[in-house]
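Undergrad: Got a structure here, written out as structure tokens. Questions coming.
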Amino acid sequence: TALEADMREALVQKQFVLHYQAQVEAGGKLVGAEVLVRWRHPVRGWIYPDDFIGIAEATGLIVPLGAWILRSACVELARWAGHPDTEPLTLAVNVSARQFRHIGFVEELLTVLRETGANPARLKLELTESLLLDDAEGAIERMTQVRAHGVRFSLDDFGTGYSSLSYLKRLPLDQLKIDQSFVRDILVNANDAAIARTIVSLAHSMDLRVIAEGVETEEQRALLADFGCHTWQGYLFGRPAAVQEMLAQFSLSS
Ligand code: G
Ligand code: G
Ligand code: G
Ligand code: MN
Ligand code: NA
């Protein structure tokens, strides 16, 4: 497709841009950020990932694009380490199943960590349950390998996928991420509220952290807190933005 050809060119021309969205704890304390890629297309303007990540996955372009995203995120993480304000912050990077399964993934990740000097303990990889579909055993083995180097995992879009609880127990995860589809109507839809509450208990009983995404109102945040979820991400705390803009909202810089 035209977009596919454009995407190859975009990698060369450095048209991809990373935005950062705050992740906060009680008291509005910034604890980290999620990296979200955007494409500044010279003709079409801003293109969001829902319109190109699928193509990138289907064509394999997700491998070089994902590698660029991971390297850029690690460069930023290394910069954060130099400042007391930003040193403790974590950075969450989305990794597509196809990217994670790519033969060179682990080695390239370790190379990037070494070359950038980023602290692996501050890096979090967001995986989705689709990772488990084809080769669950392989995925678990690879995650275990990466985890041994200190990098953590968050299970993104949790509750929307296919993972069975028996697999969940075997994944070397640090965190479950409550999908925004359960947060959106949490105040008015009893099923969504029950699901969110159940995910929080599940996380706690498995000794995992839990974060809710798509939090837009104080009422949603408060209900999630009642359920025992004390880390949140969403427009209530800030839209995805350039890194300095995101940090400035918390009176920080890097
Ligand atoms: O802001 P938002 O439109 O960024 O993101 C939409 C979806 O695109 C999210 O569900 C997210 O998982 C995915 N996405 C955003 N950034 C990245 C990225 O850097 N890599 C991958 N693989 N997916 C991303
Ligand atoms: O990786 P993933 O599915 O989790 O990406 C999060 C997506 O949700 C991105 O597209 C991001 O721009 C979007 N997003 C982040 N915060 C909010 C929010 O508060 N409300 C809504 N509707 N979308 C959000
Ligand atoms: O917030 P702003 O006025 O820049 O938004 C312009 C358009 O881009 C709107 O349609 C808005 O929904 C969309 N948009 C802005 N930020 C994001 C984002 O992070 N993810 C997605 N998917 N869409 C966004
Ligand atoms: Mn995500
Ligand atoms: Na998500």
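Undergrad: Looking at Asp157, is it within 12 Å of ligand 4 (Cβ to nearest atom), modelled with pLDDT under 95, in contact with a Lys or Arg (Cβ under 9 Å, 6 or more places away or on another chain) and not in a loop (DSSP other than H, G, I, E, B)?
TA: Yes; evaluated as a whole, the condition is true for this residue.
Undergrad: Moving on. Tell me, please, whether a residue that is within 16 Å of ligand 5 (Cβ to nearest atom) and of a type in the set (Val, Ile, Thr) can be found in the stretch 131-146.
TA: no
Undergrad: Still on this structure: Residue under question is Arg40, and the condition is that it be among the basic types (Lys, Arg) and either within 16 Å of ligand 4 (Cβ to nearest atom) or in a strand (DSSP E or B) (or both); does it hold?
TA: So Arg40 fits the description; yes.
Undergrad: Within the stretch 183-202, which residues are assigned to a helix (DSSP H, G or I) and farther than 13 Å from Arg221 by Cβ?
TA: Passing the criteria: Ala190, Asn191, Asp192, Ala193, Ala194, Ile195, Arg197, Thr198, Ile199, Val200, Ser201, Leu202.
Undergrad: Hey, another quick one. Residue by residue through the stretch 203-238, note down the ones that are loosely packed, with under 14 Cβ neighbours inside 10 Å, touching a residue at least 12 places away in the same chain (Cβ under 8 Å) and either charged (D, E, K, R) or within 16 Å of ligand 5 (Cβ to nearest atom) (or both).
TA: Correct list: Glu218, Glu219, Tyr235.
Undergrad: To continue, here is another question. Kindly list, by first and then second residue, each pair from a residue in the stretch 34-60 that is closer than 17 Å to Tyr20 by Cα to a residue that is in a loop (DSSP other than H, G, I, E, B) and more than 8 Å from ligand 1 (Cβ to nearest atom), limited to pairs with Cβ atoms under 9 Å and residues at least 6 apart or on different chains.
TA: Cβ pairs passing all conditions: Glu34/Glu213; Glu34/Gln233; Val37/Phe52; Trp39/Gln15; Trp39/Phe52; Arg40/Gln15.
Undergrad: Before we move on, is Trp39 within 16 Å of ligand 2 (Cβ to nearest atom) and not polar (S, T, N, Q)?
TA: So Trp39 fits the description; yes.
The values are calculated or read from the model by the stated rules, or taken from the named source; none is laboratory data. Remember, predicted model here, so these are calculated numbers, not experimental data. No Cβ is skipped: glycine too gets one built from the backbone with ideal geometry, and neighbour counts run over all protein chains shown.
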